[in-house]
Amino acid sequence: VSPFKRDAVASGTYSTGPADVASIDWDNLGFGYIATDYMYMMKCDQGGTFSNGELQRFANIELSPSAGVLNYGQGLFEGLKAYMKEDGNILLFRPEENATRMQTGAERMCMPAPTVEQFVEAVKATVLANKRWVNQVPPPGKGSLYIRPLLMGSGAVLGLAPAPEYTFLIYVSPVGNYFKVCLLQEGLAPINLIVEHELHRATPGGTGGVKTIGNYAAVLKAQSAAKAKGYSDVLYLDCVNKKYLEEVSSCNIFVVKGNTISTPAIKGTILPGITRKSIIDVARSQEFQVEERLVAVDELLDADEVFCTGTAVVVSPVGSITYKGETKKYGGGGVGAVSQKLYTVLTSLQMGLTEDKMNWTLEL
Ligand code: COI
């Protein structure tokens, strides 16, 4: 029995019929927020059990000024995408991975979390209620429906303590390319990074390895400065040695040398990306050797290619990296062959264009 009320959809004026398609300029869509029809809300009291989740019309939410999330940053978020297949069915990509990552993050942030089943069912219900916002314009690949689950301490606190009530919320927005850059080949555009060697994103024993909201506020200063200088984003180094690559503000990083692809190992300061994990498996299936290890910033000088991975950025080839005033270029102004190959294999699977031998997609 579904724990969710679908009455909002069933009794509302909203229709999921094929003619009901939102008008979106997919060719010119970036990664900005567009309000959609429905969001999902589920609360949890001090008992720690989430219940009575329901779809509601998308709207602002009410929070006490004393809510734990507003005062002490007790919050997590997730990100995943839905694609529409040519037959009109919708595909989700590994949603249970987001559910378990939220549980891990919740444990670190002293919050209760929805069960994996509650999470996945809520994502399904939210996507179906907003079906008219999923890209239905061929060719596929121009955009997707981005799904943003949130978990927050919504109960009021004043002294520092875990909040007495939690809210799980999901909203969705149609999105196109994450970085504002010129597309060279379908879906792909090289980005320009700058290595930050003074400000850090995470510390050993901190929260860098979970998707807590404060991690993303912490990168805004360096990111804004980098963007003001014309860079796409910032690549962070470890804070102890100031030598090893960690991640980019919103994505993981991979360095290609010959047939070997290296990426920083997960050790508590790096977000364990679901696209990262999937690309490692895809690359191994394509006969690349993949190493998860400490990757020194100097290795960037010898690399043949560099690319980033993340739900929002998918696979983004890196065109150049600047470190202490010196710039190293990759891909000869174009998209590197390895980045292109891995992008194509992964997105074909996510969009249902190739057989899903990995059993990663969930069809709605
Ligand atoms: C994602 O890739 O889904 C993320 O959560 C990164 C976010 C900053 C857009």
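Derivation of every value follows stated rules applied to the coordinates shown; laboratory data play no part. Just so you know, these numbers come straight off a predicted model, no measurement behind them. Using ideal geometry, Cβ is built from the backbone for each residue, glycine included, and neighbour counts are taken over all protein chains shown.
Below are the figures for this structure:
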quantity	calculated
Long-range amide H partners of Val318 with built H, under 5 Å	Ile191, Val306, Phe307, Cys308
Relative contact order %, region 72-161, counting alpha carbon pairs below 8 Å whose residues are six or more apart	44
Surface/4 of the Cα convex hull for region 235-317, nm²	4.9
Distant-in-sequence amide H partners of Ile261 (H built 1.01 Å from N, under 5 Å)	Gln289, Val290, Glu291
Selection of GluC sites (Glu not before Pro), region 61-98, meeting DSSP coil and at most 10 other Cβ within 10 Å	Glu62
Over the chain, relative contact order from alpha-carbon pairs under 8 Å, at least 6 apart, %	18
Volume in Å³ per residue [convex hull over Cα atoms, computed for the chain]	138
Prolate/oblate/rounded call for region 143-213, Cα gyration tensor, a/c under 1.5 rounded	oblate
Angle in degrees between helix 274-285 and the longest Cα principal axis of the chain, rounded to the nearest 10	50
Label-point gap, in nm, between Glu96 and Asp20 - each point 7 angstrom along Cα→Cβ	3.0
Three principal axis lengths of region 220-279 [C-alpha, angstrom, descending]	35, 25, 22
Spin-label zone in region 104-123 - amide nitrogen under 18 Å from a point set 7 Å from the Cα of Thr49 along the C-beta vector	112-119
Ranked Tyr72, Tyr166, criterion: other C-beta atoms within 10 Å, fewest first	Tyr72, Tyr166
Rounded tilt (10° steps) of 337-350 against the dominant C-alpha axis of the chain	10
Gaussian network model of the chain, springs between alpha carbon atoms under 10 Å - residue of Ala125, Ala67, Ala337 with greatest fluctuation	Ala337
Partner lysines for Lys357 [C-alpha distance under 23 Å; skip if fewer than 8 residues away on the same chain]	Lys81, Lys85, Lys124, Lys277, Lys341
Ellipticity estimate at 222 nm from DSSP helix runs (n ≥ 4, -39,500 (n - 2.57)) divided over the chain, nearest 500	-6500 deg cm²/dmol
Viscosity 1.567 mPa s, temperature 4 °C, Stokes-Einstein D of region 30-156 from Kirkwood C-alpha radius, µm²/s	82
